[in-house]
Amino acid sequence: MRRASVADRKATRKEVTAHREAIRELARDVGLADVRLRSDGTVVVHSNERGDRGVIRLSAAASERVGYYVHVITDDVPGAGHTQEL
C-alpha cells in the first residue's frame, strides 16, 4: 500500500473509528494520551511534550493503518473542542 500524506483525501470519522484500538495503541506508543475524535474525523490528543513530533508520528502511523490521511491535533489548539472519546 502506498503511503498516505497530507495531499491525500482525509479519513472520515467512520474510517478512523474502524481502527480505533490500533490508533489508541499507536498514540500510547508515541507518548500521547486522551485520544478523542471530532465529527470530521480529526483525531485530538493530549501531549506533555513541546513540539509536534508525537502528533506527526501518530498521523503518519495512523494514516498508514487507515489508508487515508489521518489529521491529528493537540487539545491545546483552537478547534480541538467538540470531541468524543475514540
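Of a type in the set (K, R) and surrounded by fewer than 17 Cβ atoms within 10 Å (Cβ to Cβ), is that true of R50?
Answer is yes for this residue.
Every residue in region 14-24 that is surrounded by 13 or more Cβ atoms within 10 Å (Cβ to Cβ) and out of contact with any Lys or Arg (no Cβ under 8 Å at 6 or more places or on another chain), please. Quick ask: steps written out before the conclusion?
Step one: list which residues in region 14-24 are surrounded by 13 or more Cβ atoms within 10 Å (Cβ to Cβ), which gives 15-20, 22-24.
Residues satisfying the conditions are E15, V16, T17, A18, R20, R24.
Yes/no matrix, rows are residues, columns are (1) in contact (Cβ under 8 Å) with a residue 12 or more places away in the chain; (2) assigned to a loop (DSSP other than H, G, I, E, B):
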{"residue": "R24", "(1), (2)": "yes, no"}
{"residue": "D40", "(1), (2)": "yes, yes"}
{"residue": "G51", "(1), (2)": "no, yes"}
{"residue": "R57", "(1), (2)": "yes, no"}
{"residue": "E64", "(1), (2)": "yes, no"}
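Coordinate-derived values only; no laboratory data. Since the model is a prediction, treat every value here as computed from it, not as a measurement. Using ideal geometry, Cβ is built from the backbone for each residue, glycine included, and neighbour counts are taken over all protein chains shown.
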